[in-house]
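The values are calculated or read from the model by the stated rules, or taken from the named source; none is laboratory data. This structure is a prediction, so every number in the text was calculated from the model and none was measured. Neighbour counts run over all protein chains shown; Cβ positions are idealised from the backbone, glycine included.
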Amino acid sequence: MTKKPLTPPDDQLRQTGQLAPTSRAQEDYAPPGAFPPALWDDLAAVDQKLAAQRAGATLGPDGRFTVDFLGAPHTIDPAARAVTAPPGRPPAGFQKTMILLVYLSRAGRDVAPGPAGRLVGPFELPGGTLFFRGPHELAHKELAAAYRRTPEELRRKAEDWGAWPEPPALFRWRALPNVDVALFFDPEDEEFPADVRWVFDAHAHYHLPLDALWALVNVISADLSRA
């Protein structure tokens, strides 16, 4: 059996100071004041109704957005500059907040196609060949080590966090209304160690930049590690 190579990304938001240093498979629960206000300013600058419509979100009369994130509704309050996760889900840390704000802001600025319905590897996304290289890998080591012999346990936990089985991938998430991500998992055998590979909907880059897709994998991996 031949293993496919895993693909590491670079993280532009970290370089610009918009993404706090984190372990690759951990969310960073930074205090609200630590979050860069520029991302909230970006959201405030777009047409709120248009952003909600294009993002598949709802916009309440109080100006708060509700977006399904990994199968659970999250509330984004631009006035309070706060993101609230529903009961039973981890609080919105640095990366999750960044993902949701960038997703809504981009929807308000750009007309983008909906999900393509087909999955591609990171290198197949435009710019991915250069971006998904370097010292920062898409999170995989923790999951591979934790579930190397128990893929069914990993499946159960993933389904608890909104995933559904979709062969040949082990499972797939509608991470955001316009962004799908899936995980391939090869359990440990006599010849190879356990292996995790991530793939994205072919149009994911229209809705999240590559560094935000990297952060999305971090968030999912952290959720699975805590489940």
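Going by the structure shown, is residue 181 within 19 Å of residue 209 (Cβ to Cβ) and in contact with a Leu (Cβ under 8 Å, 6 or more places away or on another chain)? Outline the logic, then answer.
On the way: within 19 Å of residue 209 (Cβ to Cβ): yes; in contact with a Leu (Cβ under 8 Å, 6 or more places away or on another chain): yes.
For residue 181, the condition - within 19 Å of residue 209 (Cβ to Cβ) and in contact with a Leu (Cβ under 8 Å, 6 or more places away or on another chain) - is met.
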What pairs come up if the first residue lies in segment 100-129 and is under 12 Å from residue 179 (Cα atoms), the second is part of a loop (DSSP other than H, G, I, E, B) and small (Gly, Ala, Ser), and their beta carbons are under 6 Å apart, counting only those six or more places apart or on different chains? 116/202; 118/202
Is it the case, given these coordinates, that residue 108 is in contact with an Asp or Glu (Cβ under 9 Å, 6 or more places away or on another chain), modelled with pLDDT of 90 or more and either not polar (S, T, N, Q) or not in a helix (DSSP H, G or I) (or both)? yes
Hey, any hits in segment 59-77 for a residue that's among the small types (Gly, Ala, Ser), touching a residue at least 12 places away in the same chain (Cβ under 8 Å) and either in a strand (DSSP E or B) or over 21 Å from residue 224 (Cβ atoms) (or both)? yes
Report whether or not residue 154 is surrounded by fewer than 23 Cβ atoms within 10 Å (Cβ to Cβ) and more than 20 Å from residue 115 (Cα to Cα). no
Read through the list (1) crowded, with 17+ Cβ neighbours inside 10 Å; (2) without any contact (Cβ under 8 Å) to a residue 40 or more places away in the chain, then give the number of the only condition that residue 144 fails. (2)
Would you pick out the residues in segment 68-95 that are aliphatic (A, V, I, L, M), under 20 Å from residue 221 (Cα atoms) and in contact with a Phe, Trp or Tyr (Cβ under 7 Å, 6 or more places away or on another chain)? 70
A careful count of residues in segment 98-123 that are surrounded by 14 or more Cβ atoms within 10 Å (Cβ to Cβ), under 25 Å from residue 196 (Cα atoms) and of a type outside the set (A, V, I, L, M) gives 4
So residue 114 fits all but one of (1) out of contact with any helix residue (DSSP H, G or I) (no Cβ under 6 Å at 6 or more places or on another chain); (2) in a helix (DSSP H, G or I); (3) closer than 21 Å to residue 206 by Cα; (4) modelled with pLDDT under 95; what number is the exception? (2)
